[in-house]
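Before any comments, here is the structure.
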Amino acid sequence: NILIVATKNKGKVREFEHAFAPLGLTVKSMYDYPHLPDVVEDGATFAENAFKKSKAVGDALGIPVLADDSGLCVDALDGRPGVYSARFAGEDATDGENNLKLLSELERLKQGEDTDQPLLSTARFVCTLSLYDPVSKQELTAEGAVEGWITSEPSGAGGFGYDPLFYLSEHEKTMAELTLEEKQQISHRGTALRLLTAKLEKKLAA
Ligand code: ITT
């Protein structure tokens, strides 16, 4: 059994593979369907962008497709980068470039404050999942979030994206210092996945 996820983000693919393997589902990503055109993510919300991706790929393939739109909302930056998280440092920016851009914006705000405090701002990761069935034209959605701090001291080699900068005070670790299993238990994506699975089970039982 396969599950198609409308993503080109290899970090997301790894997390979906980890989550769906116990259910006997093999994850296929956009790397398995290279002929499909890129979806323009110009929505104002995570939910809009997630639906654009699940619908475009679902309609193209004729079977249900899952999509994930996610990002980092930083309080000291009034919620930025938000839906622009993937291109914070410009179109096609790497994770490293986005992380540098985030630190430079936050450190600029801190200028004049004489503090060695590495925790620069509270922040949250948000993930919206959209599962779209092109036959019934129905969509199921679920959202998850996790609260943390942006640290000026990046740490950890796990995860992807902004994980090395996202500090979890209860765990005294960054998201990138967690195992895949631990990240799944607390992350925005893990929470959204559990909610979506529960909604799907309820729907299938009805
Ligand atoms: P797809 O649209 O192909 O799925 P993308 O990377 O462009 O891939 P998004 O538009 O949803 O995905 O952008 C999400 C960005 O937010 C992503 O590039 C990461 O930098 C960041 N992000 C999302 N979830 C994250 C996580 O679990 N850990 C770290 N960073 C995350």
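What follows is calculated from the coordinates using simple rules that are stated; it is not laboratory data. Everything quoted here is computed from the prediction, not taken from an experiment. Cβ coordinates were reconstructed from backbone atoms using ideal geometry, including for glycine residues, and neighbour counts include every protein chain displayed.
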Worksheet item: For region 2-205, what is the charge dipole size about the Cα centre, in debye to the nearest 20, if Lys and Arg each add +1 at the Cβ and Asp and Glu each add -1 at the Cβ?
Response: 880
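With 26 Å as the cut-off, how large is the P(r) tail for region 97-206, expressed as percent of Cα-Cα pairs?
Numbers: 1973 of 5995 pairs.
Roughly 33 percent, rounded to a whole number.
Where a ≥ b ≥ c are the square roots of the eigenvalues of the C-alpha gyration tensor, would you call region 17-85 rounded, which needs a/c under 1.5, or, failing that, prolate if a/b is larger than b/c, or oblate? Show your work: numbers first, answer last.
Details: a/c = 2.65, a/b = 1.55, b/c = 1.71.
It comes out oblate by the Cα gyration axes.
What is the calculated FRET efficiency for Asp92 to Lys202, with r their C-beta to C-beta distance and R₀ = 35 Å, to the nearest 0.05? Can you show the working numbers first?
Values: r = 40 Å, r/R0 = 1.13.
Taking R0 as 35 Å, the efficiency between Asp92 and Lys202 is 0.30.
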Worksheet item: When a footprinting reagent is the concern and you count Cβ atoms within 10 Å, what order do Glu91, Glu153 take, fewest first?
Response: Glu91, Glu153
Worksheet item: Gaussian network model of the chain, Cα springs within a sub-10 Å range: biggest mean-square fluctuation belongs to which of Gln138, Gln111, Gln185?
Response: Gln111
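Work out how much length Thr122 to Ala76 would gain on full extension: take 0.36 nm times their residue separation and subtract the Cα-Cα distance, in nm to one decimal. Don't skip to the end; give the middle numbers.
Numbers: separation 46, 0.36 × 46 = 16.56 nm, distance 0.73 nm.
Separation in residues times 0.36 nm, less the Cα-Cα distance, equals 15.8 nm.
State which entries of Lys28/Lys55; Lys10/Lys137; Lys52/Lys173; Lys10/Lys52 exceed 25 angstrom in Cα-Cα distance in the structure shown. Please report the intermediate quantities before stating the final value.
Details: Lys28/Lys55 16 Å; Lys10/Lys137 28 Å; Lys52/Lys173 34 Å; Lys10/Lys52 19 Å.
Pairs exceeding 25 Å: Lys10/Lys137; Lys52/Lys173.
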Worksheet item: So for the chain, what are the equivalent ellipsoid semi-axes in whole Å, largest first, each being the square root of 5 times an eigenvalue of the Cα gyration tensor?
Response: 31, 18, 15
Discussion item. Defining a contact as two alpha carbons under 8 Å apart and six or more residues distant in sequence, what relative contact order in percent does region 2-205 show?
Written reply: 17
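For every helix of n ≥ 4 consecutive DSSP H residues, a contribution of -39,500 (n - 2.57) applies; sum these over the chain, divide by its total residues, and give [θ] at 222 nm rounded to the nearest 500 deg cm²/dmol.
Numbers: 5 runs with 68 residues, N = 206.
After summing the helix terms and dividing by residue count, I get -10500 deg cm²/dmol.
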Worksheet item: Considering only Cα-Cα distances, which of the following residue pairs are longer than 31 Å: Lys101/Lys199; Lys8/Lys110; Lys12/Lys202?
Response: Lys101/Lys199; Lys8/Lys110
